[in-house]
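S.K.: Structure below; questions to follow.
The values are calculated or read from the model by the stated rules, or taken from the named source; none is laboratory data. Source: prediction; values computed, not measured. Heads up, the Cβs are rebuilt from the backbone with ideal geometry, glycines too, and the neighbour counts pull from every protein chain shown. Remember, those area values only see protein heavy atoms, side chains included, never the ligands or the DNA or RNA. Shrake-Rupley method; radii C 1.70, N 1.55, O 1.52, S 1.80 Å.
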Amino acid sequence: MTSIDLNADLGEGFGRWRLTDDAGLLSVVTSANVACGFHAGDPATMRRVCELAAERGVTIGAQVSYRDLAGFGRRAMDVPPAELAAEVAYQIGALAVFARAAGTRVAYVKPHGALYNRVVHDAEQARAVVEGVLLAGGELPVLGLPGSRVLEHAGAAGLPVVAEAFADRAYTDRGTLVPRGQEGAVVADPEAVVERSVALAASGTVVARSGTRIEVRARSLCVHGDTPGAVELARRVRDRLEASGVAVEAFA
């Protein structure tokens, strides 16, 4: 049977402000990319999400980013490699404390926002992220875009690599994500997101913004937690996947 992981970005609040419906999404997804305090999240939020994830058997991943709370981690930044490696390790370590206290563990690492897009093509920043994962200890899988430099360097360093696809983001013909600043970068029609999810899981393909069907082979599918109606959308995606004969299960 074909299987795929369903992940979402969680814990993206700060103090009294909350962006994602963490409890709702944790009733649907199989993996939780938890913000580690650099683009969103704080100690209390990280602890709460780890406890909820542990209760519901959802795998926890560290969503690491540039230090950019004001810009939600989506602003381009130039961080020296040694500094970036240390900051990646720091974020993983912080989340690991709360995961361990909840009786579980950090099982993988996923870059966020501007860092995610940067390490698709920037070898130096990609190596720094991998160095940070290694510095944090353990052989944590790295989740990223198929064909990205970060997966290339992670694999070369002996780390497991997991390719990821996005049902709610537009693709270029080269298999990269259309930048958020461009029109049509986010797929807003819920039914289109559901249909794209099934195609990605069942055939490893998606229709790019140009109208061309391209190959995107992935083991994990992301539904963004900050999308309006994210919980209902994630539930529709999961229901349709399972109705199509796709098993929804965590990769780690």
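S.K.: Which pairs turn up if I take residues in the range 65-92 that are within 19 Å of E124 (Cβ to Cβ) and look for partners that are of a type in the set (A, V, I, L, M, F, W, C) and surrounded by fewer than 14 Cβ atoms within 10 Å (Cβ to Cβ) with beta carbon separation below 9 Å, at least 6 apart in sequence or on another chain?
M.R.: Sorted first by the residue in the range 65-92, then by its partner, the pairs are Y66/A76.
S.K.: When you go through (1) part of a loop (DSSP other than H, G, I, E, B); (2) within 15 Å of the chain's Cα centre (by Cα); (3) free of Cβ contacts under 8 Å to residues at least 40 places away in the same chain one by one for V29, which number turns out not to apply?
M.R.: Going through the list (1) part of a loop (DSSP other than H, G, I, E, B); (2) within 15 Å of the chain's Cα centre (by Cα); (3) free of Cβ contacts under 8 Å to residues at least 40 places away in the same chain, V29 breaks only (3).
S.K.: Also, I was wondering about something else. Taking the range 108-124 as the search range and keeping residues that are part of a helix (DSSP H, G or I) and among the aliphatic types (A, V, I, L, M), which one is farthest from the chain's Cα centre (by Cα)?
M.R.: Ranking the qualifying residues of the range 108-124, first place goes to A123.
S.K.: For the range 59-70, how many residues are assigned to a loop (DSSP other than H, G, I, E, B) and open to solvent by 10 Å² or more (accessible area, probe 1.4 Å)?
M.R.: From the range 59-70, those assigned to a loop (DSSP other than H, G, I, E, B) are 65-70; that's our starting set.
Still in the running and open to solvent by 10 Å² or more (accessible area, probe 1.4 Å): 67, 69-70.
Adding up the residues that qualify gives 3.
S.K.: Further question on the same structure: Please pick out the residue among L95, L52 that is in contact (Cβ under 8 Å) with a residue 60 or more places away in the chain, in contact with a helix residue (DSSP H, G or I) (Cβ under 7 Å, 6 or more places away or on another chain), under 22 Å from D5 (Cβ atoms) and part of a helix (DSSP H, G or I). Step through it out loud before you land on a result.
M.R.: Values: L52 fails: in contact (Cβ under 8 Å) with a residue 60 or more places away in the chain.
Criteria check complete, one pass: L95.
S.K.: Of the residues R74, R100, R47, which is more than 15 Å from the chain's Cα centre (by Cα), open to solvent by 20 Å² or more (accessible area, probe 1.4 Å) and under 21 Å from R18 (Cβ atoms)?
M.R.: Numbers: R74 fails: more than 15 Å from the chain's Cα centre (by Cα); R100 fails: under 21 Å from R18 (Cβ atoms).
Going through R74, R100, R47 in turn, the sole match is R47.
S.K.: When only residues in the range 174-192 that are out of contact with any helix residue (DSSP H, G or I) (no Cβ under 6 Å at 6 or more places or on another chain) and part of a helix (DSSP H, G or I) count, which is most open to solvent (accessible area, probe 1.4 Å)?
M.R.: By that ranking, first place goes to E191.
S.K.: Can we say G158 is part of a loop (DSSP other than H, G, I, E, B), at pLDDT 95 or above and under 19 Å from A62 (Cα atoms)?
M.R.: For G158, the condition - part of a loop (DSSP other than H, G, I, E, B), at pLDDT 95 or above and under 19 Å from A62 (Cα atoms) - is met.
S.K.: For L159, work out the one condition from (1) in contact (Cβ under 8 Å) with a residue 60 or more places away in the chain; (2) in contact with a Pro (Cβ under 7 Å, 6 or more places away or on another chain) it doesn't fulfil.
M.R.: All conditions pass for L159, except number (1).
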